[in-house]
Amino acid sequence: MSRPARLTRRALVAAVTGALVATLTPGTPVSAADRPFTYQVTPGSAQWRALGSHQEMVDAVQMPAKTAAVLRTPLLVDAVLAYPLLPDALAFNSVQHGFETVTARFTGLQELLRRPDAGQELLTRYRTLNVAARGGESLADAGDRALAVWKLETVLAQPQVLATLTAAQSEELLRLGLAVHRAKQTDATTYGQAGLEPTAVLLGRALATRESWDWSRSELLREAVQLRPGAVETTVAAVRAHLTDPSVAHPVSDDVGTLDYASTVYTPNGSAVSVITMTSELTSAQISSYNSYVATNYPSASRERNASRKYNCHSYAWYSTSSANDRWMNTPGDDRYWQDGSYTRWQIPYQWFSNMKLSYASDDHSGIWVGTGNYVRSKWGQLGLMYHYWNYSPYNSSTTNSYFRL
């Protein structure tokens, strides 16, 4: 009685094996459009740790142009949101500039921004987005949750994507965004003030697209980071006003508030430089997530201080290296330090001075040379203060200038 049962099991195994072989044979390939894109080298792996420069990282996770062109939009969105270097955008003084820089380096993002159904697919993800805290969630998990929300909102907020939405979809997005904003306010421990910014950017740009006004007049909407006080609150209020009375436009302008505020610092020679005094900090969850990102993605660099939104690279390099620094300096503020003669550009035949300032002229970044070697100490946007080889960072290092003070 047992022999027929064994034959049945053998027949079943043979049938399953045959089906698998048929699936994997060249005669029945999975369509290239339906094959999920996977990154062959990923942060944390031995192969990734062996990469010696940022360009090698970019090359290791590049999507072939032919793959990007045929991949179905849902799978392309999956690949973009999983792109290992997408959070590099946070290392720049302007998140929008950072996003555009990342896009220029990654064919997957370039292709997605050309897709006529990109907005529809991303809106579908936004409908089901759960920003609320999970029970028993660790600090690292909360930070990862906040970063995942940032990724989706930042991609969805791009003008090329918003332009693909219908009027009805835009109205839905405004309502969804307000709900996300309220949920983030409820979980202030995870999101804080900084976590409200990407939602406000998405809301403001969607509102501008819906009402046909120029959102570049708002620095928050233009740069994707609040560098003028009260901008988040002003933007959210404009969206609420639109939903109450959609018959008139509600253009956003940066207003005066009680949070970050404009102030002034001075070069050694006394020239005034406009900065923003930053009064709110990243949450513990955001700091944990950002610190984890640089540790995993830049293993050959050393983080010397936690991620912080209170100061940036230019402020650290030119104004103050203190851990109490709370000034954010944007270009062209850093230019004043050499334009007024406070610092002199190094060139042959000068000797190589210790601890000179370093300006990445091919990008928007500053640092300080450590001693007379090849290592630099610099603040990476909202990420941490890093000790790194001069070309091992998220920035284009093809053209740099060094400056010393006489």
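The values are calculated or read from the model by the stated rules, or taken from the named source; none is laboratory data. Keep in mind that what you see is a predicted model, and the values were worked out from it rather than measured. So basically every Cβ, Gly included, is an ideal-geometry build from the backbone, and we count neighbours across all protein chains shown. Ligands, DNA and RNA are stripped out before the accessible areas are found, and what is left, the full protein with its side chains, is counted by its heavy atoms. Shrake-Rupley method; radii C 1.70, N 1.55, O 1.52, S 1.80 Å.
Observations, loosely collected:
- Summing charges over neighbours of Q62, with a neighbour being any other residue whose Cβ is under 13 Å away from its Cβ, gives -1 when K and R count +1 and D and E count -1.
- Average Cα contact separation per residue, the chain, under 8 Å, 6 or more apart, as relative contact order %: 14 percent
- Extending 7 Å from the Cα toward the beta-carbon at both E100 and A249 defines two label points whose distance is 2.2 nm.
- A Förster distance of 25 Å, applied to the separation of the beta-carbon atoms of T124 and T186, puts the FRET efficiency at 0.55.
- Equivalent-ellipsoid semi-axes for segment 210-312 (Cα gyration tensor, √(5λ), whole Å, largest first): 32, 21, 12.
- On the basis of the beta-carbon distance and an R0 of 45 Å, Q339 and L178 show a calculated FRET efficiency of 0.50.
- Local electrostatic count, S402, Cβ distance below 9 Å [Lys/Arg +1, Asp/Glu -1]: +2
- When K379, K357, K310 are compared by accessible area of protein heavy atoms, the largest-first order is K310, K357, K379, using a 1.4 Å probe.
- Taking the C-alpha atoms only, the angle from helix 2-24 to the longest principal axis of the chain is near 40 degrees.
- Take the Cα of T372, step 7 Å toward its Cβ, do the same at S271, and the gap between the two points is 2.9 nm.
- Given +1 at the Cβ of Lys and Arg, -1 at the Cβ of Asp and Glu and no other charges, the dipole of the chain around its Cα centre is 1400 debye to the nearest 20.
- Residue order for E211, E197 - accessible surface, 1.4 angstrom probe, largest first: E211, E197
- Environment charge at A33 (Cβ cut-off 15 Å; Lys +1, Arg +1, Asp -1, Glu -1): -1
- For the chain, the longest principal axis of the C-alpha atoms and the axis of helix 139-156 are separated by about 90°.
- Radius of gyration, Dmax [segment 80-148; alpha carbons; angstrom]: 14.2, 40
- By a 1.4 Å probe calculation restricted to protein chains, T264 has an accessible surface near 70 Å², given to the nearest 10.
- Averaging 1/r over each pair of different alpha-carbon atoms in the chain and inverting the result gives 23.3 Å, the Kirkwood hydrodynamic radius.
- Label-zone membership for segment 198-238, site A168, 7 angstrom Cα→C-beta point, backbone N under 18 Å: 210
- For segment 346-406, the equivalent ellipsoid derived from the Cα gyration tensor has semi-axes of 19, 13, 10 Å, listed largest first.
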